[in-house]
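**Student:** Below you'll find the structure I mean.
The values are calculated or read from the model by the stated rules, or taken from the named source; none is laboratory data. The shown structure was predicted, so the numbers you read here are calculated from the model rather than taken from an experiment. Cβ atoms come from the backbone with ideal geometry, glycine included; neighbour counts cover every protein chain shown.
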Amino acid sequence: MLSGASTVIADEVMIGWQELEIAGDAGEPALDVALWYPTSDPGPIVAIDDNPVFVGVEVVPEAEPLGEGLPLVVLSHGFGGHRGNLAWLAGALAAAGHVVAALDHPGTTTRDMRPGEPVVLARRSADVGRVIDRLVVDRPGLVDAERIAVIGHSLGAWTAVQLAGARFSIGRALADCRERPELAACEVLAWAGGSDVRGATPILDDERRDGRVAAVVALDIGMARGFSAASLEAVEIPVLVVAAGAPNPRIPASLESGHLLAHLPAATTISLELADAGHFSFMPLCKEDAVELLAGEEPGDEIVCLDPGGAERRALHDAAVEATLGFLESVWPGHLP
């Protein structure tokens, strides 16, 4: 094992990893995707997404996949994030027998931010659909097209819930922002040019449900209050809502995750509140000197490594992994090894 690397490994199973690029066409940008999957290949082992701030996950690059007809999980990162933000979850899911595809969303990812373009928000769900297209068509023996889930954090959770059938309304969202301008959602909408209702409405308000998606996990969702109650009530697939319980006036769980829980069908919705988690507790484990390093380079950025009340991030991750695996097992009984 590489020193400091974070991973969850089932007996005799390693984590395979490879990169995919989905070419752009018809005005759609190219997509960079990391693919995670179980393998019996013993190595060589490297730590992926390891850097001076975050602890990486041990994988076997370009390994041969183990198994066939495996459930597919697509991971959607938050605003300004990237495909490595949920590497800790990707590794755990792959070790448990899933194929996991984590993508960078063009226009809202770390190295590609495009302010003033509402389309970068609207296109996120289509990005996920293109990843599903590629894997279902190109890897039909590896993935099971009948067992597809989407998991997202923050804006990624917003993306995932849209794929479940929730309808976003820019008018509703902006009306809410006039009452609650402190919400982070209002800042994201303004950044994307959403204040131009006439221009943004036809771009952002379309239905984005993907009938291939059979389950969704929303990790501390943001911008949820723009979803209509009626569309949430009509969602037919199972949803796991995981909320960060620590107080956060910009992304309050009671208003954001709470909006989902108030309207999603009770019979198909599971909720979990991690009382000691903050919004950034769903980022990777941080190294010992990460807070000092971030504060020195860009004061304020250290927030991504601070967990409220001194909570242990590894324990929060373990709880989120356990809940997610349990949820997926309830959706597809008997699918875990």
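**Student:** Go through the stretch 82-111 and give me each residue that's surrounded by fewer than 23 Cβ atoms within 10 Å (Cβ to Cβ), over 21 Å from Y37 (Cα atoms) and modelled with pLDDT of 95 or more.
**Tutor:** P106, G107, T109 - these are the residues of the stretch 82-111 that are surrounded by fewer than 23 Cβ atoms within 10 Å (Cβ to Cβ), over 21 Å from Y37 (Cα atoms) and modelled with pLDDT of 95 or more.
**Student:** Quick one: in the stretch 288-337, which of the residues that are surrounded by 18 or more Cβ atoms within 10 Å (Cβ to Cβ) and among the acidic types (D, E) is nearest to V150 (Cα to Cα)?
**Tutor:** Filtering the stretch 288-337 for residues that are surrounded by 18 or more Cβ atoms within 10 Å (Cβ to Cβ) and among the acidic types (D, E), the one nearest to V150 (Cα to Cα) comes out as D307.
**Student:** Could you tell me whether the stretch 241-254 includes any residue that is assigned to a helix (DSSP H, G or I) and closer than 27 Å to R225 by Cβ?
**Tutor:** no
**Student:** Residue check: is V128 surrounded by fewer than 24 Cβ atoms within 10 Å (Cβ to Cβ) and among the hydrophobic types (A, V, I, L, M, F, W, C)?
**Tutor:** Against the criterion (surrounded by fewer than 24 Cβ atoms within 10 Å (Cβ to Cβ) and among the hydrophobic types (A, V, I, L, M, F, W, C)), V128 does not qualify.
**Student:** For the stretch 17-39, give me each residue that is among the hydrophobic types (A, V, I, L, M, F, W, C) and touching a strand residue (DSSP E or B) at 6+ places or on another chain (Cβ under 9 Å).
**Tutor:** Matches in the stretch 17-39: W17, L20, I22, A23, A30, L31, V33, A34, L35, W36.
**Student:** Considering only residues that are touching a residue at least 24 places away in the same chain (Cβ under 8 Å), part of a helix (DSSP H, G or I) and farther than 19 Å from L86 by Cα, which ones fall in the stretch 301-335?
**Tutor:** Answer for the stretch 301-335, where residues must be touching a residue at least 24 places away in the same chain (Cβ under 8 Å), part of a helix (DSSP H, G or I) and farther than 19 Å from L86 by Cα: P308, G309, S330, V331.
**Student:** Continuing with this model, one more query. Pairs needed: first member in the stretch 158-182, in contact (Cβ under 8 Å) with a residue 12 or more places away in the chain; second member anywhere, hydroxyl-bearing (S, T, Y) and not in a helix (DSSP H, G or I); C-beta distance under 6 Å; at least 6 residues apart or different chains.
**Tutor:** T159/S76; A160/S76; R167/S228; S169/S228
**Student:** Here's another thing I want to ask about it. Could you run through the stretch 259-281 and say how many residues are farther than 24 Å from V235 by Cβ and not in a loop (DSSP other than H, G, I, E, B)?
**Tutor:** Matching residues across the stretch 259-281 total 2.
**Student:** Something else now. Going by the structure shown, is V150 closer than 30 Å to E64 by Cα, surrounded by 23 or more Cβ atoms within 10 Å (Cβ to Cβ), in contact (Cβ under 8 Å) with a residue 40 or more places away in the chain and over 16 Å from the mean Cα position of the chain (by Cα)?
**Tutor:** no
**Student:** Could I ask something else about it? Which number in (1) in contact with a Ser or Thr (Cβ under 8 Å, 6 or more places away or on another chain); (2) buried (at least 24 other Cβ atoms within 10 Å of the Cβ); (3) small (G, A, S) marks the one condition that S228 misses?
**Tutor:** (2) is the only condition that S228 fails.
**Student:** With respect to D133, determine if the residue is surrounded by 20 or more Cβ atoms within 10 Å (Cβ to Cβ) and among the acidic types (D, E).
**Tutor:** no
**Student:** Further question: Is there any pair linking a residue in the stretch 258-280 that is under 15 Å from D220 (Cβ atoms) to one that is outside any loop (DSSP other than H, G, I, E, B) and of a type in the set (K, R), with Cβ under 6 Å and at least six apart or on different chains, and which?
**Tutor:** Cβ pairs passing all conditions: H259/R225.
**Student:** Can you name the residue in the stretch 137-156 that is modelled with pLDDT of 95 or more and assigned to a helix (DSSP H, G or I) and, of all such residues, is nearest to A215 (Cα to Cα)?
**Tutor:** G156
**Student:** To continue, here is another question. Would you be able to say whether some residue in the stretch 206-221 is surrounded by fewer than 18 Cβ atoms within 10 Å (Cβ to Cβ) and over 30 Å from L325 (Cα atoms)?
**Tutor:** yes
**Student:** Out of the stretch 113-131, which residues are in contact (Cβ under 8 Å) with a residue 60 or more places away in the chain and either touching a Leu at 6+ places or on another chain (Cβ under 7 Å) or not in a helix (DSSP H, G or I) (or both)?
**Tutor:** P115, G116, E117, P118, L121, A122, R123, S125, D127, V128, R130, V131
**Student:** Go through (1) farther than 20 Å from Q162 by Cα; (2) assigned to a strand (DSSP E or B); (3) within 16 Å of the chain's Cα centre (by Cα) one by one and return the number of the condition P284 breaks.
**Tutor:** (2)
**Student:** While we're here: I'd like to know if the stretch 246-254 contains one or more residues that are under 26 Å from A90 (Cα atoms) and among the hydroxyl-bearing types (S, T, Y).
**Tutor:** no
**Student:** Can you list residue pairs whose Cβ atoms sit under 8 Å apart, with the first residue in the stretch 281-299 being among the basic types (K, R) and the second being modelled with pLDDT of 95 or more and surrounded by 11 or more Cβ atoms within 10 Å (Cβ to Cβ)? Count only pairs 6 or more apart in sequence or on different chains.
**Tutor:** Cβ pairs passing all conditions: K287/V53; K287/F54; K287/V55.
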